[in-house]
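The values are calculated or read from the model by the stated rules, or taken from the named source; none is laboratory data. Since the model is a prediction, treat every value here as computed from it, not as a measurement. Note: ideal-geometry Cβ built from the backbone for every residue, glycine included; neighbour counts use all protein chains shown. For the accessible areas, the whole protein counts, side chains as well, though only heavy atoms, and no ligand, DNA or RNA atoms are used. Shrake-Rupley method; radii C 1.70, N 1.55, O 1.52, S 1.80 Å.
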Amino acid sequence: MGMKIYNTLTRKKEDFETLEPGKVRMYVCGPTVYNKAHVGHAMSALVFDIIRRYLMYRGYDVTFVMNFTDVDDKIILRANQLGVDPFELAEGYIEEYRRQLEQLNVLPATFNPRATQTIPQIIAMVQGLIEKGYAYPANGDVYFRVRRDEDYGRLSGRRVDEMQSGARIEIGEHKEDPLDFALWKAAKPGEPAWDSPWGPGRPGWHIECSAMNLTHLGEQIDIHGGGNDLIFPHHENEIAQTESFTGKPFARYWVHNGMLQLGGEKMSKSLGNLVTIEEFLREHDADVLRLMVLNSGYRNPLTFNDEVIEQTERTLERLKSALRPALPGAKGLDEESARKLTAQAEETREGFIRAMDDDFNSAVALSHLFELVRAINQARTAGAIDADLQVAQGVLRELAGVLGLRLQEKTEESHAADPFIDLLVEVRTELRKQKLWALSDLVRDRLAALGVILEDSKEGTTWRYQK
RNA sequence: GGCGACGUGGCCAAGUGGCAAGGCAAGGGUCUGCAAAACCCUGAUCAUGGGUUCAAAUCCCAUCGUCGCCUCCA
């Protein structure tokens, strides 16, 4: 049974077939870098990272392109406000975002093209569109002739005739039709500009993605992704430009993630209700955000608030609980129980693949992971030794890894304290033997305050780091 | 106003015609000096009102509510 993937273009789940067998060409719209990235950007990055990782797990060779829009009105405006160079401003945010994606365990893209590095290709494409009659220059601007494209509106389900009321012409624009959109914008005084056949200017927002796709992935691609707020006008315009230029269908599957909701509203820069990635990672493990994303359908809105974060922290703890070693004094599992655990691991893997094959249903995939968590913990309670748990824990790590979860118990540097904690635990065991409960509780409480959890059992005491 | 999505136990959330996944919280139990963890057990008339069907959370209509896009947005 093959994979199914929901296509915004047809509004249906479709069988996944690539243009070239075994290879996936995938493009995701990245951020406009005029400010710090927020957790909504992270959600989108995580969704497509999960999709990419799963495609790789299923044996595809994935070429993954995510762009940076590094020149536009907002960047210029903000740079002027701060009195800095717009390119340096963009560069700073790009570097910061890259670091954050790494912290979020998002695999680096095959290419990270930028608008400013794609100018010649953009100019060539605009030129081509003019020659084919799909675009026209006007006072140093170049516009796309929307009514010339009969398919326009296919992705967003809009009809050109019904869009009149929404469209408008800004002061200083010279459109033939209010629906037309800019491919190239003439430079105003003091703005960054590149020479072009139409005079100095810079690219419009939509054309850069078309040009980058063409440059790095070719005329046709398998998956084009982004937030569902990009469906109109951005992706609609991308389709119009690219298909008018090449005469071929552009992306096979259009994939859009739902918006992250903060206080019941979309988190966005313009609403000002945002939590930056930096702020989130200061307080929480990157796995927490990823788990929040995994726990619900990628196409639905994601509830983001303190209560859900708290719940997810605990969910992550449960997932990790299965990776703990055997209990002290374990005698080993009987053959029957050992066989059951191995069988559950296989069942979990199959269920996981079945779920993810169905339009990346990560919530159901997770539920299978939790079946395995329960089975492993049951086995441990029943006296399994580490060797008994090894295979099942390996499967859990493998599948969690496919989702991009790290499930790390502790950081490298904390290893230095290990022998001292062992020593404290040993001393406390003596205290307990002598029934000096107040003292032994003090040791436990003080260690807990330092993030070290002690757990007593009949056979002895185990300890672990809290996060 | 136009287009679209959604409303499932206290919370998050799968499921889109055939007895309602999973996680968190809560209550009870096992274990424990106490605690923690783990394990076992417990819970849903699927927004409301009609309709179609042998059968509906799932399809159709209406109502109420929430959200997104239509302007820069992941």
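What to note about this one:
- Residue in the range A:145-155 that is more than 35 Å from the chain's Cα centre (by Cα) and without any contact (Cβ under 8 Å) to a residue 12 or more places away in the chain present: no
- The range A:453-466 residues that are in contact (Cβ under 8 Å) with a residue 24 or more places away in the chain and part of a strand (DSSP E or B), paired with ones that are open to solvent by 40 Å² or more (accessible area, probe 1.4 Å) and of a type in the set (Ser, Thr, Tyr) (beta carbon under 7 Å, 6 or more apart): A:THR461/A:THR429
- Filter pass, A:TRP205 being at pLDDT below 95, aromatic (Phe, Trp, Tyr) and open to solvent by 50 Å² or more (accessible area, probe 1.4 Å): yes
- The range A:65-95, residues that are open to solvent by 30 Å² or more (accessible area, probe 1.4 Å), acidic (Asp, Glu) and within 24 Å of A:GLU279 (Cα to Cα): A:GLU88, A:GLU91, A:GLU95
- Scan of the range A:454-467 for residues that are within 8 Å of RNA strand B (Cβ to nearest atom) and open to solvent by less than 40 Å² (accessible area, probe 1.4 Å), ordered by number: A:LEU454, A:THR461
- Residues (assigned to a loop (DSSP other than H, G, I, E, B), within 13 Å of A:LEU405 (Cβ to Cβ) and near RNA strand B (Cβ under 7 Å from one of its atoms)) located in the range A:291-326: A:ASN295
- Number of positions in the range A:67-117 that are closer than 30 Å to A:LEU407 by Cβ and aliphatic (A, V, I, L, M): 6
- Yes/no for A:SER362 being closer than 23 Å to A:ARG299 by Cα, within 10 Å of RNA strand B (Cβ to nearest atom), surrounded by 14 or more Cβ atoms within 10 Å (Cβ to Cβ) and free of Cβ contacts under 8 Å to residues at least 24 places away in the same chain: no
- Counting only helices (runs of 4 or more DSSP H) that sit completely within the range A:10-107, those holding 3 or more residues that are of a type in the set (Asp, Glu) correspond to A:86-103.
- Hey, A:PHE250 open to solvent by 50 Å² or more (accessible area, probe 1.4 Å), closer than 19 Å to A:LEU183 by Cβ and not basic (Lys, Arg) or not: no
- Residue in the range A:100-113 that is open to solvent by 30 Å² or more (accessible area, probe 1.4 Å), within 15 Å of RNA strand B (Cβ to nearest atom), touching a strand residue (DSSP E or B) at 6+ places or on another chain (Cβ under 8 Å) and of a type in the set (S, T, N, Q) present: yes
- Of the strands (runs of 3 or more DSSP E) that lie entirely inside the range A:179-235, those containing 2 or more residues that are away from RNA strand B (no atom under 16 Å from the Cβ) and of a type outside the set (Ser, Thr, Tyr) span A:221-227.
Each row is one residue, and each column tells you yes or no for (1) assigned to a helix (DSSP H, G or I); (2) within 11 Å of RNA strand B (Cβ to nearest atom); (3) buried (at least 19 other Cβ atoms within 10 Å of the Cβ).
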site	(1), (2), (3)
A:PRO328	no, no, no
A:ARG339	yes, no, no
A:ASN377	yes, yes, no
A:ALA384	no, yes, yes
A:ALA387	yes, no, no
A:GLY404	no, no, yes
A:LEU407	no, no, no
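- The condition of being open to solvent by less than 80 Å² (accessible area, probe 1.4 Å), more than 30 Å from A:ALA365 (Cα to Cα) and assigned to a helix (DSSP H, G or I) holds for only one of A:ALA448, A:ALA438, that being A:ALA448.
- Residues in the range A:409-431 that are without any contact (Cβ under 8 Å) to a residue 24 or more places away in the chain and buried (at least 16 other Cβ atoms within 10 Å of the Cβ): A:LEU424, A:LEU431.
- Residue in the range A:255-270 that is free of Cβ contacts under 8 Å to residues at least 40 places away in the same chain, out of contact with any Gly (no Cβ under 8 Å at 6 or more places or on another chain) and within 23 Å of A:ARG53 (Cα to Cα) present: no
- Within the range A:3-24, the set of residues being in contact with a Phe, Trp or Tyr (Cβ under 8 Å, 6 or more places away or on another chain), within 13 Å of A:ASP222 (Cβ to Cβ) and either open to solvent by 80 Å² or more (accessible area, probe 1.4 Å) or of a type in the set (Phe, Trp, Tyr) (or both) comprises A:PHE16, A:LYS23.
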